[in-house]
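**Student:** Quick one: this structure, given as structure tokens, is what I'll be asking you about.
The values are calculated or read from the model by the stated rules, or taken from the named source; none is laboratory data. Computed from a predicted model, the values in this text were never measured in an experiment. For neighbour counting, all protein chains shown are included, and Cβ atoms are generated from backbone atoms with ideal geometry for every residue, glycine included.
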Amino acid sequence: MLWGVVQFPGSCDERDALHACELSGEARLIWHEERDLGGIDAVVVPGGFSYGDYLRAGAIARFSPAMEAVTEFAAAGGPVLGICNGFQVLCETGLLPGALLVNEGLRFACRQVELLVERFSPPAGGKSFNLAGEPLSIPAKHGEGRYWAPEEMLDALEANGQVAFRYAPGQNPNGSARDIAGVRNEAGNVLGLMPHPEHAVDAMTGSTDGLQIFDAVAGARV
Amino acid sequence: MTAPATDSSPHRELGLTDAEYDLIVEKLGREPNGVELAMFSLLWSEHCAYKHSRKLLRRLPTEGERVVMGPGENAGAVDVGEGYAIAFKVESHNHPSAVEPFQGAATGVGGILRDVFALGARPIAILDSLRFGELDSVRSRHLLDGAVRGIGHYGNSIGVPTVGGEIYFEEPYEHNCLVNAMCVGVARQSEMVRAAAAGVGNAVVLMGASTGRDGIGGASVLASAELGDGDHAKRPTVQIGDPFEESKLLECCLELLAKGLLVSLQDLGAAGLTSSAGEMASAGRVGIEIDVARVPLREADMEPFEIMVSESQERMLGVVKPARVAEVIAVCEKWQTGAAEIGTVTDNGLVRVLRDGEVVGEMPVEALVDGCPLYDLEPAEPEGWIYGNEDVLAARVAAAAGADADPAAPESALLALLASPSVASKRWAFEQYDSIVGSRTARRPESADAAVLAIPEADSAIAISIDGNGRRVACDPYSGTVEAVLECAQNLACAGAEPLGLTNCLNFGNPEKPVPAWQLDRSVQGLADACEALGVPVVGGNVSLYNEGSEGPIYPTPVVGMVGELPDPNLAAPSGFAREGDAIALLGPFEPSLQGSELAKLRGELDAGLSQPDVAAVARACATVREGVRSGKIASAHDVSDGGLACALAECAIGAGLGCQVDLQHLRERGCSPEEALFGEGSGGFLLSGEREKLEALAGDGVEVLLLGKVSGDAIEVAAGDRSLSLGLDVAGSAWRSLGPQAEADGA
């Protein structure tokens, strides 16, 4: 298992993601100017403030050569995990539906949250992440994490089983629509979420529940 | 020689005295030109020259076995083993934050980060020490909100966790808030560099952002004079922060150092190129030549003096061997950060400023950097309490406990104290900061008395604390400062850590006035004596003077940052109670008194005077607690601080969601009144929980352990004679968690 972790100027959590990936295989950083992903099995688009995020989170990163390569990788069925800023980048790129808006409270929020794992049946022939279904304790930390999509799209996402994670009741830190914390693409091989599973891989820092998400992504590779 | 000076004389407008100007003329052998005068005015400012504090700072102990770098470098550093060092420093950005809190605080964080990575250390933690006026003031709420957002904006974006800090609200900071930021970094010792320029003929390379007109005169205009009316006009002297630029610059500098491409490195902070070039030359005993025409500019028509004094952020100055310049520029290009060769290291002992090869300023390094006269203070002890006193207890009780509450009841006092913004939980603030990026944070804010970070490189861990209660220093500058050092040491002990080194930021009023001079003198002596007694070296620091407005000086506020080590981050004890049924004990030489306490403040009963702590006894208690935490005999540990034992008990109970039943009879047998036992403050008290036999076994070696009661139920029940109290955890908790609603009273 070889993981690739994309690194943009302004990425913050890429070393944390690299470390988490190394717990279930080998991992290397992919510099944002790289166009060739070179035989990796799964991609993580990590958290941070790519290119400063002064315009709109992820709006510039989507144009990087590395994201062109990631888009092709995803189209070929490769597993892609976007975390926080990476989730924002995947939405900007169009690999995932919806958008992330400024938190309802207008402030950055860093806190441990309970995530409910949605059960779903993957569409016929589609690959899917396999998670046990127990609630996960994972930290969230962001200023632009309010998941938004038009009502019809939200209905469709729920009908398709594309809602991957919801914040447990009362724990939604940002005002996300329908408490959505993470979504999948239709095929099921691209997953994005605002909370940080790479910061929940060691009991010393608070939780190991994030390991399940990395394992699930690893399990979805071609 | 010169025409009689008037207030509009250029040197006076730049903050130099007539005598200082005459000395410059004497040292140059001529009148300085405009470029030279601008450069002298900055390097001879209090902010850069420490002219009113340097003599006092010589009292501080700076040496120790573990010291890798001491004062004089960009930051201090201590050895943590396996070839690694921990670098750290605290610095103020008070006046910029008073003028524009968001950018002032943001660039304060940016500046202290640069100080740490200038050594070759990767920043791994930020802590902040903030002071504002009382929260019922609109201005204080505006400053708090702006400063917290600014710290978050910079620290969150650059990916360095903000792991701790403190905030106090006191009237004397109303017109002069304090924003002190501390950064901690980890470095491979073999890759660390000093700031001294070396190697005649080497290139001087300016890296990072281009240079603009922002922040011109910040060090002299803002940082070295009192704040006054019309300070909004000084807003252009506040710098604008760009954490993305700094993030690239940080990674770029660390890559350059790891590749061995830099001879030395210095950040550009106050006084910009002038101070960084001057100080690098001075430290290396060489000269330096800079051609301002080669400096990348934001505005083409900048004058040489503007380029030399600009405080544009996110810039670093490196000395590079000529053969390696191309490699340095290639790394900078990879990180999309600017790089320009702007000068050379010379052997003539001069700072020479050129524009397109033509000399526009030339000064001996010695005169410019080290020539500023150092002044003796003229301290005078004031008679009694010089700050205000207002009885707000009834109003605070009504706000915290309801209009029907009896202000005389001990429950009411406890609720008012818990809701007091200085005592209340700071969760509202620290949840706006990323406290976990980097995967080192073993104890998040408020979960333990000190921040705890893993240092896997050295198979070790560190604990960090920052403290300084200005009100108590105002009561007695000597004892109050000793207490600040002891509080840090106690916080580290609760985490199971042993102190390695200390940094400090001395925030005081105008040193040219007798009372602030006396406060500064006594405080530095307290700092020196406490550090000496604890065996903790001072490895760096910062002085911020002239913190006063038209209403007078701030509370004298020495902020102490301490770093300690522990063998394993998992050993650190939580602050809150751990288990129902555990025994609760008070350990240490705690002699509570209402002098200078939070309760005395609410009652308007503040007065000069504070009893002197027994440093040796506190040190023994710290050692006992440290060992007890490491060996697992202590299940939770919290130092007794603001609001006394009652508030400490409430904090331990609320944090854990576990009540307590205690009896303060033992303290009363020591001669305390019930009220002193409940709400009295002082150094040396540890509130511990754990198995009864294990806690009792901690006594000995001159360390006393008093069993107070047990962890039980869902209320805080304290027997204290006629002041006994009982308060439900939910009621106490909502008072303690009321900072957010108070801070956002404007609907912000």
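**Student:** Look at B:Leu178 and say whether it is in contact with a helix residue (DSSP H, G or I) (Cβ under 8 Å, 6 or more places away or on another chain) and more than 30 Å from B:Ala283 (Cβ to Cβ).
**Tutor:** On the way: in contact with a helix residue (DSSP H, G or I) (Cβ under 8 Å, 6 or more places away or on another chain): yes; more than 30 Å from B:Ala283 (Cβ to Cβ): no.
Spelling it out, it is not the case that B:Leu178 is in contact with a helix residue (DSSP H, G or I) (Cβ under 8 Å, 6 or more places away or on another chain) and more than 30 Å from B:Ala283 (Cβ to Cβ).
**Student:** Output the residues belonging to the range B:422-446 that are at the interface with chain A (Cβ under 9 Å from one of its Cβ atoms) and among the polar types (S, T, N, Q).
**Tutor:** B:Gln432, B:Ser435, B:Ser439, B:Thr441, listed by residue number.
**Student:** Hey, another quick one. Given the criteria crowded, with 17+ Cβ neighbours inside 10 Å and more than 24 Å from A:Gly4 (Cβ to Cβ), does A:Gly98 qualify?
**Tutor:** Working: crowded, with 17+ Cβ neighbours inside 10 Å: yes; more than 24 Å from A:Gly4 (Cβ to Cβ): yes.
Here the answer is yes, as A:Gly98 does meet what is asked.
**Student:** So B:Met207 clears everything in (1) at pLDDT 90 or above; (2) part of a loop (DSSP other than H, G, I, E, B) except one condition, right? Which one?
**Tutor:** Condition not satisfied by B:Met207: (2).
**Student:** When you go through A:Asp209, A:Asp215 one by one, which is the residue that is farther than 20 Å from A:Cys91 by Cα and in contact with a helix residue (DSSP H, G or I) (Cβ under 9 Å, 6 or more places away or on another chain)? It would help to see each step written out before you state the result.
**Tutor:** Values: A:Asp215 fails: in contact with a helix residue (DSSP H, G or I) (Cβ under 9 Å, 6 or more places away or on another chain).
From the options A:Asp209, A:Asp215, the qualifying one is A:Asp209.
**Student:** Tell me whether the range B:447-459 contains one or more residues that are in contact with a helix residue (DSSP H, G or I) (Cβ under 6 Å, 6 or more places away or on another chain), touching a residue at least 40 places away in the same chain (Cβ under 8 Å) and at the interface with chain A (Cβ under 9 Å from one of its Cβ atoms).
**Tutor:** Within the range B:447-459, one or more residues are in contact with a helix residue (DSSP H, G or I) (Cβ under 6 Å, 6 or more places away or on another chain), touching a residue at least 40 places away in the same chain (Cβ under 8 Å) and at the interface with chain A (Cβ under 9 Å from one of its Cβ atoms).
**Student:** Please specify each residue of the range B:545-571 satisfying the condition of being modelled with pLDDT under 95 and not in a loop (DSSP other than H, G, I, E, B).
**Tutor:** B:Glu548, B:Gly549, B:Gly552, B:Pro553
**Student:** Is it the case that B:Ala408 is under 26 Å from B:Val718 (Cβ atoms), modelled with pLDDT under 95, outside the structural domain of B:Asp614 (by TED's automatic domain parsing) and of a type outside the set (Asp, Glu)?
**Tutor:** Details: under 26 Å from B:Val718 (Cβ atoms): yes; modelled with pLDDT under 95: yes; outside the structural domain of B:Asp614 (by TED's automatic domain parsing): yes; of a type outside the set (Asp, Glu): yes.
It is true that B:Ala408 is under 26 Å from B:Val718 (Cβ atoms), modelled with pLDDT under 95, outside the structural domain of B:Asp614 (by TED's automatic domain parsing) and of a type outside the set (Asp, Glu).
**Student:** Further question: Would you mention how many residues in the range B:99-151 are touching a strand residue (DSSP E or B) at 6+ places or on another chain (Cβ under 8 Å) and either aromatic (Phe, Trp, Tyr) or without any contact (Cβ under 8 Å) to a residue 24 or more places away in the chain (or both)?
**Tutor:** Of the residues in the range B:99-151, 2 are touching a strand residue (DSSP E or B) at 6+ places or on another chain (Cβ under 8 Å) and either aromatic (Phe, Trp, Tyr) or without any contact (Cβ under 8 Å) to a residue 24 or more places away in the chain (or both).
**Student:** A follow-up question, please. Could you say which residue among A:Gly206, A:Gly145, A:Gly182, A:Gly192 is in contact (Cβ under 8 Å) with a residue 24 or more places away in the chain, surrounded by 23 or more Cβ atoms within 10 Å (Cβ to Cβ) and within 13 Å of chain B (Cβ to nearest Cβ)? Step through it out loud before you land on a result.
**Tutor:** Values: A:Gly206 fails: surrounded by 23 or more Cβ atoms within 10 Å (Cβ to Cβ); A:Gly182 fails: within 13 Å of chain B (Cβ to nearest Cβ); A:Gly192 fails: within 13 Å of chain B (Cβ to nearest Cβ).
The conditions single out A:Gly145.
**Student:** Can you find, within the range A:32-50, the residue that is surrounded by the fewest Cβ atoms within 10 Å (Cβ to Cβ) among those that are more than 18 Å from the chain's Cα centre (by Cα) and within 14 Å of chain B (Cβ to nearest Cβ)?
**Tutor:** Initial filter on the range A:32-50 (more than 18 Å from the chain's Cα centre (by Cα)): A:33-39.
In the following step, the residues that additionally are within 14 Å of chain B (Cβ to nearest Cβ) were identified as A:33-34.
On the way: A:Glu33: 12, A:Glu34: 16.
If we take residues in the range A:32-50 being more than 18 Å from the chain's Cα centre (by Cα) and within 14 Å of chain B (Cβ to nearest Cβ), then A:Glu33 is surrounded by the fewest Cβ atoms within 10 Å (Cβ to Cβ).
**Student:** Related question: Identify all residues within the range A:78-115 that are more than 19 Å from B:Asn156 (Cα to Cα), at pLDDT 95 or above and part of a loop (DSSP other than H, G, I, E, B); write none if there are none.
**Tutor:** Across the range A:78-115, the qualifying residues are A:Gly94, A:Leu95, A:Leu96, A:Pro97, A:Gly98.
**Student:** Shifting gears a bit: Take the residues in the range B:304-328 that are closer than 25 Å to B:Gln103 by Cα and of a type in the set (D, E, K, R), then tell me which one is surrounded by the fewest Cβ atoms within 10 Å (Cβ to Cβ).
**Tutor:** From the range B:304-328, those closer than 25 Å to B:Gln103 by Cα are B:305-317; that's our starting set.
Filter once more, so that each one left must be of a type in the set (D, E, K, R): B:306, B:311, B:314-315.
Values: B:Glu306: 20, B:Glu311: 30, B:Glu314: 29, B:Arg315: 27.
Looking at residues that are closer than 25 Å to B:Gln103 by Cα and of a type in the set (D, E, K, R), I get B:Glu306.
**Student:** Give B:Gln266, B:Gln336, B:Gln313 a once-over and let me know the one that is among the polar types (S, T, N, Q), assigned to a strand (DSSP E or B) and touching a residue at least 24 places away in the same chain (Cβ under 8 Å). Give the derivation first.
**Tutor:** Details: B:Gln336 fails: assigned to a strand (DSSP E or B); B:Gln313 fails: assigned to a strand (DSSP E or B).
Result of the check over B:Gln266, B:Gln336, B:Gln313: B:Gln266.
**Student:** So if I check each of B:Phe102, B:Phe88, which one is surrounded by fewer than 24 Cβ atoms within 10 Å (Cβ to Cβ), within 18 Å of the chain's Cα centre (by Cα) and at pLDDT 95 or above? Before you say what the answer is, go through the steps one by one.
**Tutor:** Numbers: B:Phe88 fails: surrounded by fewer than 24 Cβ atoms within 10 Å (Cβ to Cβ).
One residue alone meets the criteria, B:Phe102.
**Student:** Report the residue count in the range B:567-586 for those that are of a type in the set (A, V, I, L, M, F, W, C), within 14 Å of chain A (Cβ to nearest Cβ) and surrounded by fewer than 24 Cβ atoms within 10 Å (Cβ to Cβ).
**Tutor:** To start, the set of residues in the range B:567-586 that are of a type in the set (A, V, I, L, M, F, W, C) comprises B:571-573, B:577-578, B:583-586.
Right, trim to within 14 Å of chain A (Cβ to nearest Cβ) and you get B:571-572.
If we keep only those that are surrounded by fewer than 24 Cβ atoms within 10 Å (Cβ to Cβ) too, we end up with B:571.
Final tally of qualifying residues: 1.
**Student:** Are there any pairs, at least 6 apart or on different chains, whose C-beta atoms fall under 9 Å, with the first in the range B:691-706 and crowded, with 17+ Cβ neighbours inside 10 Å and the second hydroxyl-bearing (Ser, Thr, Tyr) and not in a loop (DSSP other than H, G, I, E, B), and if so, which?
**Tutor:** B:Leu695/B:Ser689; B:Leu698/B:Thr624; B:Val703/B:Thr624; B:Val705/B:Thr624
**Student:** Among the candidates A:Leu29, A:Leu18, single out the residue that is surrounded by fewer than 22 Cβ atoms within 10 Å (Cβ to Cβ), among the aliphatic types (A, V, I, L, M) and within 11 Å of chain B (Cβ to nearest Cβ).
**Tutor:** Working: A:Leu29 fails: within 11 Å of chain B (Cβ to nearest Cβ).
Answer to the selection: A:Leu18.
**Student:** I've got another one for you. Considering the range A:148-179 alone, what residues qualify as being within 22 Å of A:Phe49 (Cβ to Cβ) and within 14 Å of another protein chain (Cβ to nearest Cβ)? Write out each step before concluding.
**Tutor:** Going residue by residue through the range A:148-179, those that are within 22 Å of A:Phe49 (Cβ to Cβ) are A:148, A:173-176.
If the condition is that a residue be within 22 Å of A:Phe49 (Cβ to Cβ) and within 14 Å of another protein chain (Cβ to nearest Cβ), then A:Pro173, A:Asn174 are the ones that fit.
**Student:** Taking the range B:621-651 only, how many residues are in a helix (DSSP H, G or I), of a type outside the set (Gly, Ala, Ser) and closer than 13 Å to B:Cys494 by Cα? First the steps, then the outcome.
**Tutor:** First, pick out the residues of the range B:621-651 that are in a helix (DSSP H, G or I): B:621-630, B:644-651.
Those still in the list that are of a type outside the set (Gly, Ala, Ser) too: B:622, B:624-627, B:629-630, B:645, B:647, B:649, B:651.
Checking the rest, the ones that are also closer than 13 Å to B:Cys494 by Cα come to B:622, B:624-627, B:629-630.
Counting residues in the range B:621-651 that are in a helix (DSSP H, G or I), of a type outside the set (Gly, Ala, Ser) and closer than 13 Å to B:Cys494 by Cα gives 7.
**Student:** Being more than 17 Å from the chain's Cα centre (by Cα) and either modelled with pLDDT of 95 or more or surrounded by fewer than 24 Cβ atoms within 10 Å (Cβ to Cβ) (or both) is true for just one of B:Asn504, B:Asn491, B:Asn469, B:Asn510. Which residue is that?
**Tutor:** Numbers: B:Asn504 fails: more than 17 Å from the chain's Cα centre (by Cα); B:Asn491 fails: more than 17 Å from the chain's Cα centre (by Cα); B:Asn469 fails: more than 17 Å from the chain's Cα centre (by Cα).
Being more than 17 Å from the chain's Cα centre (by Cα) and either modelled with pLDDT of 95 or more or surrounded by fewer than 24 Cβ atoms within 10 Å (Cβ to Cβ) (or both) holds for just one of B:Asn504, B:Asn491, B:Asn469, B:Asn510, which is B:Asn510.
**Student:** What are the residues in the range B:640-659 that are in contact with an Asp or Glu (Cβ under 7 Å, 6 or more places away or on another chain), within 20 Å of B:Glu675 (Cβ to Cβ) and not polar (S, T, N, Q), if any?
**Tutor:** B:Asp642, B:Gly643, B:Gly644, listed by residue number.
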